[in-house]
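The values are calculated or read from the model by the stated rules, or taken from the named source; none is laboratory data. Note that the structure is a prediction, hence the values are computed from the model and not measured. Ideal geometry is used to build each Cβ from the backbone, glycine not excepted, and the neighbour counts take in all protein chains shown.
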Amino acid sequence: MADSAANQSESKCKRMKLSPDKDTAVGSTDRISNLPDSLLCHILYFLPTNEAIVTSILSSRWKPLWTLVPKIDLHDTSITGHSVSPLRIRYIVLAQHTTPILSNFTLSWHSPCDSSHFDKWIDTAISRSLQQLDLHIESKQLFELPHAVFHCKTLVSLELSGEIELDPPPSFQLSSLKILGLYEKCYTSHNSFSSLCSASACPSLEDLKVVRDDNYICIGFGSIYPSMFQNLVRLNFKVTRTNWHVLQSLLVVAPDLKVLVIDKDYYYKNQLCWMEPPDGPGCLSLHLTTFNFNGFEELEHEVEFIKYILKEARALNRVTIKVSDLHSKESVLKKLSIFPRQSSTCLLTVELGSIEGTRVFYVLQGR
């Protein structure tokens, strides 16, 4: 009896001790709601807009927070099975979003839509001191980029892909633009691309990405040859059968280039021609630190180009050459081993690129 009473008393004490911990646990589950608005908005920034909106049902504390996040991404596929049309939902999102400064606006659309809706959404974003604009539009009709974009003084990054036409006004300046990306089915004329990339229009341009689809894109690279990309430090270049000469031109007009990435996403056996720049190595000699060549096939012009890079780039720290064929490993290594290298600290890596991933073959350090 005494033992039974003692056990009951001990059990009661344990329950009493557990109670405060249980209460603490319950209270701690909502500690996140006690964080300041700025921190909660920072957390929501990393969620897609439609998921950030869902958090508004958690409590009255969370209800307005998504409207303060300085980012909006609109996707025609992000909300399905809703009684309200996707277009109407997007207008509601923009109307309720109240932050005066918008750091990022992304629009991704793959279904038919009147371009006037895109114009209104983009204009709304620009009116809020927009910094980054990312558009991917496949709406079954050509969409002309609104002229308001070309006059956005706060725009730092502009990335476009899909059926988008660039027709800038005669006079404009994107004074803050540092990143410009044109991908796949982006349409622009010779003069349009030339004016867009000119030093007067984009004096702060640092990062240029051009991914060309020969069936859709129209870019007159030759017309930008006299321009100088004074601030361009990184160049991603997707090489095709017809644009190898463009790379030669761009290297001449980018005196401060530090990172050069060459991509070939398909393979061909056409022998092209690499000619050393007539005015000397320029940026390659003094500033280039990183060089990647993805899809190397040992074609003569590719070999000569890499040989030139290794010979001239004094500041080169890392070279990564990705080959497409396992059997070419030995011949690639043989060629690389005899190439003179200007930089004594250059780390040269040969990799195998495949759908499954990348496998490192060999590393050459220094000379």
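Got a number for residues in the range 146-161 being part of a helix (DSSP H, G or I) and either surrounded by 17 or more Cβ atoms within 10 Å (Cβ to Cβ) or free of Cβ contacts under 8 Å to residues at least 12 places away in the same chain (or both)? Steps first, please.
Going through the range 146-161, the residues part of a helix (DSSP H, G or I) turn out to be 147-151.
If we keep only those that are either surrounded by 17 or more Cβ atoms within 10 Å (Cβ to Cβ) or free of Cβ contacts under 8 Å to residues at least 12 places away in the same chain (or both) as well, we get 149-150.
So the answer is 2.
Scan the range 248-267 and give yes if some residue there is modelled with pLDDT under 80, part of a loop (DSSP other than H, G, I, E, B), β-branched (Val, Ile, Thr) and in contact with a Leu (Cβ under 8 Å, 6 or more places away or on another chain), otherwise no. No, because not a single residue in the range 248-267 is modelled with pLDDT under 80, part of a loop (DSSP other than H, G, I, E, B), β-branched (Val, Ile, Thr) and in contact with a Leu (Cβ under 8 Å, 6 or more places away or on another chain).
Summed over the range 191-215, the residues that are hydrophobic (A, V, I, L, M, F, W, C), modelled with pLDDT under 80 and assigned to a loop (DSSP other than H, G, I, E, B) give a count of 2.
Is it the case that some residue within the range 85-98 is part of a loop (DSSP other than H, G, I, E, B), among the hydroxyl-bearing types (Ser, Thr, Tyr) and at pLDDT 90 or above?
As a first pass, look at the range 85-98 and keep what is part of a loop (DSSP other than H, G, I, E, B): 85, 97-98.
Keeping just the survivors that are among the hydroxyl-bearing types (Ser, Thr, Tyr) gives 85, 98.
Those left that are additionally at pLDDT 90 or above: none.
No; the residues of the range 85-98 include none that is part of a loop (DSSP other than H, G, I, E, B), among the hydroxyl-bearing types (Ser, Thr, Tyr) and at pLDDT 90 or above.
Looking only at the range 162-176, residues that are under 20 Å from THR106 (Cα atoms) and assigned to a loop (DSSP other than H, G, I, E, B) come to 3 in all. The set of residues from the range 297-338 being of a type outside the set (Val, Ile, Thr), at pLDDT 85 or above and not in a helix (DSSP H, G or I) comprises ALA313, ARG314, ALA315, LEU316, ASN317, ARG318, LYS322.
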